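First comes the structure, then the notes that go with it.
The values are calculated or read from the model by the stated rules, or taken from the named source; none is laboratory data. Only a predicted model underlies this, so the values are computations on that prediction, with no experimental measurement involved. Note: ideal-geometry Cβ built from the backbone for every residue, glycine included; neighbour counts use all protein chains shown.
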Amino acid sequence: MMDMDRTACYRAISTRDARFDGRLFVGVKTTGIYCRPICPARTPKFENVSFYPSAAAAQEAGFRPCLRCRPETSPDLAFWRGTTNTVSRALALIEAGGLDEADVERLANRLGVGARQLRRLFHRHVGASPIAVAQTRRVLLAKQLIHETSLPMAEVALASGFNSVRRFNETFLHLFGRSPASLRRIRDKTRREAGALSVRLAYRPPYDWDAMLSFLGARAIPGVEAVSGEVYRRTIAIGDASGVISVAPAGKHRVNVSVRFPNMAALPAIIARVRRVFDLAADPDMIGAHLSLDPMLAPLVSARPGLRVPGAWDGFELAVRAIFGQQITVPAATRLLGRLVAAHGALLPATTKDVEGLGHLFPSPSRLATADLSVLGMPNARAMAVNSLAQAISADPTIFSRGVSLEETVAKLRSLPGIGEWTAQYIAMRELREPDAFPAADIGLLRAMAAADGRRPSPTQLLSRAERWRPWRAYAALHLWAAGVQPPVSSGKTHEREAA
């Protein structure tokens, strides 16, 4: 298990220091309960507590979650990022359901390591096994749904990833000594109006919500996405089912996610994607402290301390946008994508249509593999690149998944039609959540460096300078883009402007 200073940890829970919320959990030996450091209960004696780096570690040690401070509502911080990329990638795969149908052996194979090594890394950096992490995620999501929604227990079991109601009931009886239904205190009937389910997801402040919505709003695809006020909405498809989600800021450092989707078994996957799009697992204190070691970045971080890296809902959608946007502006690319969606996007069922005009799904790879896209008003070369990309994704849907390393991921992406180094780094940054991805040839980054340093570097010089920003170069890129007040653009010979 990772080293944890007992005296420092005890001081944190004694003062209920919110800075440690999500960074440590405390197990109380006399009660068998584990809590957040901000728990309002009386502070237990020093000799009666043990400390853990994750909820999964506390639960694997035999403690059950506290009903007062509710560990399931704490920020899900990615503190292990930058410590071990293997664990980071494994956690991302687990959150996306990587252990729902597979075992640890197959998960380890996807990461290019042995199962025994993966277990050792998890115990060192997370304090629990991969299986315990997956089980804890299911339990905590179920507990949140019990507390915050009026879903019937059978639907809670389904929505939180349990394969059967019996297993769901057995797990809660083992953990809490009571049935799941007995944990429900309030039935909030308003939380599921018009067939929508609301879930609140925590993040660690600060959060630059305006910057996030500005980025997403400027690139919102007509018919698929919309930003209105402080709310982001979009259509979604998982498997054969489709629906609409909306995301808006809520109190107490949370976002409210409203889901209108016919299959509640998809809820864990939907939540995982929302976390990815809005970068809810980032630890801005850790990232900001590291980047601020560079005197040039320090004032930028101070000016935008809650800046996040906007994610993408779907890798294919992001790649198509990048190809469509070659050599044209962001608004022009967005209009072109709107025409693509109107011509080739499937219609949402009437029961799930959104009042904001979101009536289409983004076209699937199989739909665009043979479509004549030149009629949309784009060069034939780019139209053919999208066709070839769609054919490649149709043949191998796992292409947009994290590789063993950032370098391997970028190399795999660059092998796809129409995707060069800039686009590969950009997809790694936004879709694959690689915190160290960095499009060094980007014109916006080079211009921002020129404004800050007084001279414009070459891409090679910028890469060398960015070494000190590892493993958070993606966040450094966002700060530079924000400082330049420009959208990211490409500087490749065939990509003079890329409206990504």
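Have a look at 269, 265, 281, 211 and point out the one that is closer than 21 Å to residue 138 by Cβ, among the small types (Gly, Ala, Ser), in contact with a helix residue (DSSP H, G or I) (Cβ under 8 Å, 6 or more places away or on another chain) and in a helix (DSSP H, G or I).
Within the list 269, 265, 281, 211, the selection yields 265.
Out of all the residues in the range 130-148, is one or more in contact with a Ser or Thr (Cβ under 9 Å, 6 or more places away or on another chain) and part of a loop (DSSP other than H, G, I, E, B)?
no
Do you know which residues across the range 4-22 are outside any helix (DSSP H, G or I) and farther than 16 Å from residue 46 by Cα?
Passing the criteria: 17, 21, 22.
Can you confirm whether the range 477-484 contains a residue that is out of contact with any strand residue (DSSP E or B) (no Cβ under 7 Å at 6 or more places or on another chain), of a type in the set (Phe, Trp, Tyr) and part of a helix (DSSP H, G or I)?
yes
Would you confirm whether or not the range 401-412 contains a residue that is over 25 Å from the mean Cα position of the chain (by Cα) and not in a helix (DSSP H, G or I)?
No, the conditions are met nowhere in the range 401-412.
Yes/no matrix, rows are residues, columns are (1) touching a residue at least 40 places away in the same chain (Cβ under 8 Å); (2) crowded, with 20+ Cβ neighbours inside 10 Å; (3) not β-branched (Val, Ile, Thr):
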{"residue": "270", "(1), (2), (3)": "no, yes, no"}
{"residue": "275", "(1), (2), (3)": "yes, yes, yes"}
{"residue": "285", "(1), (2), (3)": "yes, no, yes"}
{"residue": "289", "(1), (2), (3)": "no, no, yes"}
{"residue": "295", "(1), (2), (3)": "no, no, yes"}
{"residue": "315", "(1), (2), (3)": "yes, no, yes"}
{"residue": "322", "(1), (2), (3)": "yes, yes, yes"}
{"residue": "335", "(1), (2), (3)": "yes, no, yes"}
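Could you tell me which residue of the range 339-352 is modelled with the lowest pLDDT, considering only residues that are over 15 Å from residue 367 (Cα atoms) and surrounded by fewer than 17 Cβ atoms within 10 Å (Cβ to Cβ)? It would help to see each step written out before you state the result.
So the first thing to find is which residues in the range 339-352 are over 15 Å from residue 367 (Cα atoms), and the list is 348-352.
Filter again for surrounded by fewer than 17 Cβ atoms within 10 Å (Cβ to Cβ), leaving 349-351.
On the way: 349: 86, 350: 77, 351: 71.
It comes out as 351.
Conditions tested, residue by residue: (1) closer than 21 Å to residue 306 by Cβ; (2) at pLDDT below 90.
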| site | (1), (2) |
| --- | --- |
| 388 | no, no |
| 401 | no, yes |
| 437 | yes, no |
| 451 | no, yes |
| 473 | yes, no |
| 484 | yes, yes |
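From 371, 381, which residue is part of a loop (DSSP other than H, G, I, E, B), assigned by TED's automatic domain parsing to the domain that holds residue 308 and surrounded by fewer than 20 Cβ atoms within 10 Å (Cβ to Cβ)?
Every option except 371 fails the conditions.
Condition (residue is modelled with pLDDT of 85 or more, in a helix (DSSP H, G or I), in contact with a Ser or Thr (Cβ under 6 Å, 6 or more places away or on another chain) and under 23 Å from residue 329 (Cβ atoms)) applied to the range 419-428: is it met by at least one residue?
Within the range 419-428 (the criterion being modelled with pLDDT of 85 or more, in a helix (DSSP H, G or I), in contact with a Ser or Thr (Cβ under 6 Å, 6 or more places away or on another chain) and under 23 Å from residue 329 (Cβ atoms)), the answer is yes, since at least one residue qualifies.
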